[in-house]
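Only the coordinates and a few stated rules stand behind these numbers; no lab work does. None of these values were measured; they are calculated from a predicted model. So basically every Cβ, Gly included, is an ideal-geometry build from the backbone, and we count neighbours across all protein chains shown.
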Amino acid sequence: MFRRYGLLILLLLSALLLTACATKADTTPEQAALATGLSIDGAVLSGEPTFIDVEQDGTAMQLIARKDDAGNVRLAFNTCQSCGGSPYAWFEDLGDGTLQCQNCGLIFPLDTIGAEAAQGCNPVTITDYTVDRDTVTVSDAVLKANVERFANWKKFD
């Protein structure tokens, strides 16, 4: 009798372990939203801008990430410091080393992304982030502190 129940228990435990090991996460490496904020795979960044979508507290947000000529990570929120609040206050890559504000039309070089001195019609610079090997992390606190900038972002109704 013990053999019969022992074998049954062994089979059930084996099935449980196999099921637990087969679970796979549904996140992409470059947009893995973590409890600690947003994790970006720095290995996919280049001199060209990468646009990274993230949702914070139910609000759609977007970051612009790139590496400068020295290989340093540069980050900014894809909304305009001057035109913020407008549904059109975001930037598009023109493919020629420049970005253009979709609200006022100003064109500026990619080098201003993440520049601490960038003022006026520029993406909102992010200076508070960490780089650990090839992982760039923006904290949940930084995302939350900037969520209001995106309250009307790309909302055209």
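General observations
- An oblate overall shape is assigned to region 27-157, the ratio a/c of its alpha-carbon gyration tensor axes (a ≥ b ≥ c) being 1.5 or greater and a/b not exceeding b/c.
- Panel order for Leu94, Leu45, by other beta carbons found within 10 Å of each beta carbon, from fewest to most: Leu94, Leu45.
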